[in-house]
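The values are calculated or read from the model by the stated rules, or taken from the named source; none is laboratory data. Everything numeric in this text was worked out from a predicted model, so none of it was measured. Counting neighbours? That spans all protein chains shown, and the Cβs are built from the backbone with ideal geometry, glycine included.
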Amino acid sequence: MPSTASRTVELHGQELSYTDSGSGAPVLFIHGLLGTQRQWRRLIDEIDDTQRVIVPDLFGHGESAKPMGDYSLGAHAATLRDLLDHLEIERVTLVGHSLGGGITMQFHYLFPERVDRVVLIASGGLGREVNPLLRSATLPGADQVLRIAASTAVTSRAMALSNGMRKVGWRPGSDINAIWRGFTALADSESRRAFLATTRAVIDVGGQSITAVGRLDPENAVPTLVVWGSHDRIIPAWHALSAQKAVPDCRVEVFERAGHFPHLEDPDRFALLLREFIADDSSPPVPEDG
């Protein structure tokens, strides 16, 4: 049985970090911008008793390499295909959050024969709208601003303020915790460069620049689950309607009062949804080759 310990594989001369845990039908989790495999740990524990769970750090994130080069959705999708080839996994359920949702849809478009099911969580690629802070990362001078804002001096002061607020009863939500962890990872120049390259591959000053809606062909659709938080301040929840229109049979679940990380806000509910979705055998069987 695969171990829960992180491991690495060299793909195209660069090291990719990933977790391979459990046994059963494989599920590939794809984190969002500034995310890492750590965000999925609770869910790994919830489902790896019945599923084989593959959780990488995308290039430019976490413990994976942060090379110069292509950070487009297609490049990330090809890297994940290569990871599955390395693990000798033919078909997989894809679970993508935010940027990872856009990568999920691109993966399905490029390699439809490798996909059993698709789960999109607060996904990018379904509309133009996105939080202005992410749009600002495409502006000239963004690297200099990030260098100062993510410096140890600034983040240490912010942490001290946060600790003081906690003492008087303030408790940060899942969104703040997840975004803060990602932001503090931008202290080094390689991480900032990778973050800006990834952001600018999918966002411009006007919003999201890449759309997957036209590539969601209902003729080649797989079972699809869309999950969103009703209080998402990063990507509006009504973008789920775009997926629903493109794939009429897809299932949409809204987590009330959750933000951009509904799977972290209520991981037990999400794990139950995912288990039920994977176990549902009402979809038509995949035809055998030949």
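Check the range 76-92 and report whether any residue there is of a type in the set (A, V, I, L, M, F, W, C), more than 17 Å from Ala243 (Cα to Cα) and out of contact with any Pro (no Cβ under 9 Å at 6 or more places or on another chain).
Let us first name the residues in the range 76-92 that are of a type in the set (A, V, I, L, M, F, W, C), namely 77-78, 80, 83-84, 87, 89, 92.
Filter once more, keeping what is more than 17 Å from Ala243 (Cα to Cα): 77-78, 80, 83-84, 87, 89, 92.
From what is left, the residues that are out of contact with any Pro (no Cβ under 9 Å at 6 or more places or on another chain) are 77-78.
Checked against the condition, which is being of a type in the set (A, V, I, L, M, F, W, C), more than 17 Å from Ala243 (Cα to Cα) and out of contact with any Pro (no Cβ under 9 Å at 6 or more places or on another chain), the range 76-92 yields at least one hit.
Out of (1) at pLDDT below 95; (2) touching a Ser or Thr at 6+ places or on another chain (Cβ under 8 Å), what's the single condition that is false for Val254?
With respect to (1) at pLDDT below 95; (2) touching a Ser or Thr at 6+ places or on another chain (Cβ under 8 Å), Val254 is out only on (1).
Name the pairs: first residue in the range 24-36 and over 13 Å from Gly101 (Cα atoms), second residue among the charged types (D, E, K, R) and outside any strand (DSSP E or B), Cβ to Cβ under 6 Å, at least 6 apart or on different chains?
Going by the 6 Å Cβ cut-off, the qualifying pairs are Thr36/Asp57.
Filter the range 239-262 down to residues that are in contact (Cβ under 8 Å) with a residue 60 or more places away in the chain and in a helix (DSSP H, G or I), then give me how many there are.
Of all residues in the range 239-262, those in contact (Cβ under 8 Å) with a residue 60 or more places away in the chain come to 239-240, 242-243, 258-262.
Subset that is in a helix (DSSP H, G or I): 239-240, 242-243, 262.
Of the residues in the range 239-262, 5 are in contact (Cβ under 8 Å) with a residue 60 or more places away in the chain and in a helix (DSSP H, G or I).
Applying the selection to the range 22-51, what residues are buried (at least 20 other Cβ atoms within 10 Å of the Cβ) and of a type in the set (S, T, N, Q)?
Listed by number, the residues that qualify are Thr36, Gln37, Gln39, Gln51.
Could you figure out which of (1) of a type outside the set (Val, Ile, Thr); (2) surrounded by fewer than 18 Cβ atoms within 10 Å (Cβ to Cβ); (3) over 17 Å from Ile103 (Cα atoms) isn't true of Ser191?
Failed condition: (2).
Among (1) in contact with a Ser or Thr (Cβ under 7 Å, 6 or more places away or on another chain); (2) at pLDDT 85 or above; (3) not β-branched (Val, Ile, Thr), which single condition is Arg192 missing?
So the condition that Arg192 fails would be (1).
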